[in-house]
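Engineer: Encoded as structure tokens, here's the structure I'll be asking about.
The values are calculated or read from the model by the stated rules, or taken from the named source; none is laboratory data. Keep in mind that this is a model prediction, so the values were computed, not measured. Backbone-built Cβ (ideal geometry, glycine too); neighbour counts: all protein chains shown. Remember, those area values only see protein heavy atoms, side chains included, never the ligands or the DNA or RNA. Shrake-Rupley method; radii C 1.70, N 1.55, O 1.52, S 1.80 Å.
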Amino acid sequence: MADVKEFERFYTREGFNKSLNHFNVVLDAIGEFQSYNNLADVLNMYLEEDKVAQHQLLPIVNSLLVDKYLYSYKAINIKNTVTDFDKIAAEVSKWSGIDIVLGYHNPNIGFLVINAKKKESLAISGELKKYELLTIYAGDSLGNNNKYAESVIEEFIKLLENKKPKVPSSILNGKYKVKPTVVKSEPKVAKAKTPQAKKAAKNVKATTTTSSAVAAKQSAPQATPAPTQDIQSTGGAVRMTPLYGVEVTNELFHNGNVEAWKIIINSYKTSYPGCDVIIFYEGERILDINTLFKWGKVKHGSAIMFAISGKDIKDVAKLQRYLKQGASHRFEDFLKFPVNVVPKLF
């Protein structure tokens, strides 16, 4: 007997249009995919163009890689946190005879699709964390059975565990080579034709030079891990920064420090509504900042970690600077703002 609820989503215009959009995205992805483009690159490009949403990624990956193109796959819990993406990308990029896609279940962002041959794609969440779920897909985008797919997956797992992989020589030659990431160029400034326009262009150039100097200053080594520059995303794809440390220099991270942090984080999220500030302490994600001062948990000299997830991440260094001040005896500077008013700190 047919399931009467099977096509329930098509009853409304909204449901029908959402489904139609999903089907069109899948059809577009097939064309790109069969041209030897890695599915992770394709879907992340669609994210940046707002053609697809984060929750659509897993269904698309499953329908294409597993059902349609019969990729081999294996889901594992990562044994050790992975941060050395240069080494992995340098090795896997040589495996041009087979296509490899990773599906990483990041607990803070959601399902991420990763091109294992590109270090910038591997670093999309800052790290591949111990115990988290990672699915490795390997195969041929034309639907041909690759007899080495399962063994290549095992060799990739060795690479994650900092062991030396060994793949057949035939895997080193093929059409699945790394393609450069397309970077959208900045709009060109028109040449100044009038004295007023020339003066304005000169001012723009001076401002740009000053901004470059500030960015260079921010990249200098610091006592605790610090962002060397803002993590810039090109649009719709959700990213996550590495973890940055904030040392508690107050005698205790007490209620005043907590309230200062709430104000700072609220101001940041108000200025950048697509971003979230994620707090960690001793490897544990802190969902309620109030718990950090209960029972004198966080004392002088402790390090609280934070990361930012979002689509267009900016002002990482400024956020870290404010959080450091909020964790010091100068926390009261942030408590002077009127109640129920979000200060514009960013």
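Engineer: Can you name the number of the only condition in (1) within 16 Å of the chain's Cα centre (by Cα); (2) of a type in the set (A, V, I, L, M); (3) buried (at least 17 other Cβ atoms within 10 Å of the Cβ) that Leu64 fails?
Structural biologist: Every condition holds for Leu64 apart from (1).
Engineer: Also: Quick one: which residue in Lys68, Lys79, Lys5, Lys87 is touching a Phe, Trp or Tyr at 6+ places or on another chain (Cβ under 9 Å) and on the phi < 0 side of the Ramachandran plot?
Structural biologist: Lys79
Engineer: Name the residues in the stretch 294-323 that are hydrophobic (A, V, I, L, M, F, W, C) and open to solvent by 60 Å² or more (accessible area, probe 1.4 Å), would you?
Structural biologist: Trp295, the sole residue that qualifies.
Engineer: Okay, next question. Could you list all residues from the stretch 302-332 that are among the hydrophobic types (A, V, I, L, M, F, W, C), touching a residue at least 60 places away in the same chain (Cβ under 8 Å) and not in a helix (DSSP H, G or I)?
Structural biologist: Listed by number, the residues that qualify are Ala303, Met305, Phe306, Ala307, Ile308, Ile313, Ala327.
Engineer: Does the stretch 117-125 include one or more residues that are closer than 17 Å to Ala40 by Cβ, part of a loop (DSSP other than H, G, I, E, B) and over 14 Å from the mean Cα position of the chain (by Cα)?
Structural biologist: yes
Engineer: Is it the case that the stretch 90-100 has a residue that's acidic (Asp, Glu) and either open to solvent by 50 Å² or more (accessible area, probe 1.4 Å) or in a helix (DSSP H, G or I) (or both)?
Structural biologist: yes
Engineer: Which residue pairs have Cβ atoms under 9 Å apart, sit 6 or more places apart or on different chains, and have a first residue in the stretch 17-40 that is free of Cβ contacts under 8 Å to residues at least 40 places away in the same chain and of a type in the set (S, T, N, Q) and a second that is outside any helix (DSSP H, G or I) and surrounded by 16 or more Cβ atoms within 10 Å (Cβ to Cβ)?
Structural biologist: Asn21/Lys51; Asn21/Val52; Asn24/Lys51; Ser35/Ser141
Engineer: Is it the case that the stretch 73-82 has a residue that's under 21 Å from Asp140 (Cα atoms) and open to solvent by less than 10 Å² (accessible area, probe 1.4 Å)?
Structural biologist: Looking through the stretch 73-82, none of the residues is under 21 Å from Asp140 (Cα atoms) and open to solvent by less than 10 Å² (accessible area, probe 1.4 Å).
Engineer: Moving on. In this structure, does Lys68 turn out to be modelled with pLDDT of 90 or more, under 21 Å from Glu154 (Cα atoms) and not acidic (Asp, Glu)?
Structural biologist: no
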